[in-house]
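Everything below concerns the one structure shown next.
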Amino acid sequence: MERPLGLASFVHQRRLEHALTVVGAVIVFWLAYFGAVGAVYGELSVLAPATSVDQQRVGGVAGSIAVWTYFGIAFIRGYGGPVLNAVAYPLAIVLLAPFLGRWLLFGPDLAGLTARFVGVFVLEPLLTAALIVFPGLGAFVTVLAVWAAVLDDTDRRAWERRHLPEAFREAFVDEERSRDR
């Protein structure tokens, strides 16, 4: 079974480089997440209980902006994957890395996690996810918009030929050009 085009990596990239791009993103997220909480609250222990929603939102927004900016720069440099960098990797990191990071520092808080995700207030985790995701997505779009503003059409096409897999280009990029004509 073939990998879907949306999950394709950039060309001329070894698997190790791809993996290091993702590991680097997790580290960038944790640095921003814990750094923001430490800067705002003065200590990381405020994150110990899983019910510390406000503190998690502060760290989450900082981490989200950092990781989506990181993936925007990785996109420009041709590391990761065109769709993976835009959606899959940052979304997974932003939603899962806070739990893993807090658990590595403070141990699992299963009772607090159950209290947060089970019961009447299931809407709160969705609200927190939206509050964390949108600033990061905005940062990603801003990085790519600034980059696109400095590229002319020739440079953009050269970047596409250098970094996008042939099948991806044929399916998504060339199709858009034929519609524009």
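The values are calculated or read from the model by the stated rules, or taken from the named source; none is laboratory data. As the structure is a computational prediction, the values presented were derived from the model and not from experiment. Cβ sites come from the backbone with ideal geometry, for glycine too, and all protein chains shown count toward neighbours. Surface areas here come from the heavy atoms of the whole protein model, side chains and all, with no ligands, DNA or RNA. Shrake-Rupley method; radii C 1.70, N 1.55, O 1.52, S 1.80 Å.
Data table
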{"read-out": "The range 51-107, relative contact order in percent, only Cα pairs under 8 angstrom and at least six apart counted", "value": "35 percent"}
{"read-out": "Rounded percent of accessible protein surface that carbon and sulfur make up, the chain, 1.4 Å probe", "value": "68 percent"}
{"read-out": "Relative contact order (%) - the chain, alpha-carbon pairs under 8 angstrom, separation at least six", "value": "32 percent"}
{"read-out": "Mean Kyte hydropathy of 0.5 or more with a Cα span along the axis of at least 20 Å, helices from DSSP in the chain", "value": "15-41, 53-77, 89-106, 123-150"}
{"read-out": "Heavy-atom accessible area per residue - the chain, 1.4 Å, Å²", "value": "57 Å²"}
{"read-out": "Where Rh is the Kirkwood radius over Cα pairs, Rg/Rh for the range 16-130", "value": "1.00"}
{"read-out": "GNM result for the chain, Cα springs below 10 Å: residue of L123, L44, L31 fluctuating most strongly", "value": "L123"}
{"read-out": "Segments 49-59, 141-151 sorted - mean Cβ within 10 Å per residue, highest first", "value": "49-59, 141-151"}
{"read-out": "Listed peptides 131-139, 72-80 by packing density, highest first (mean Cβ within 10 Å)", "value": "72-80, 131-139"}
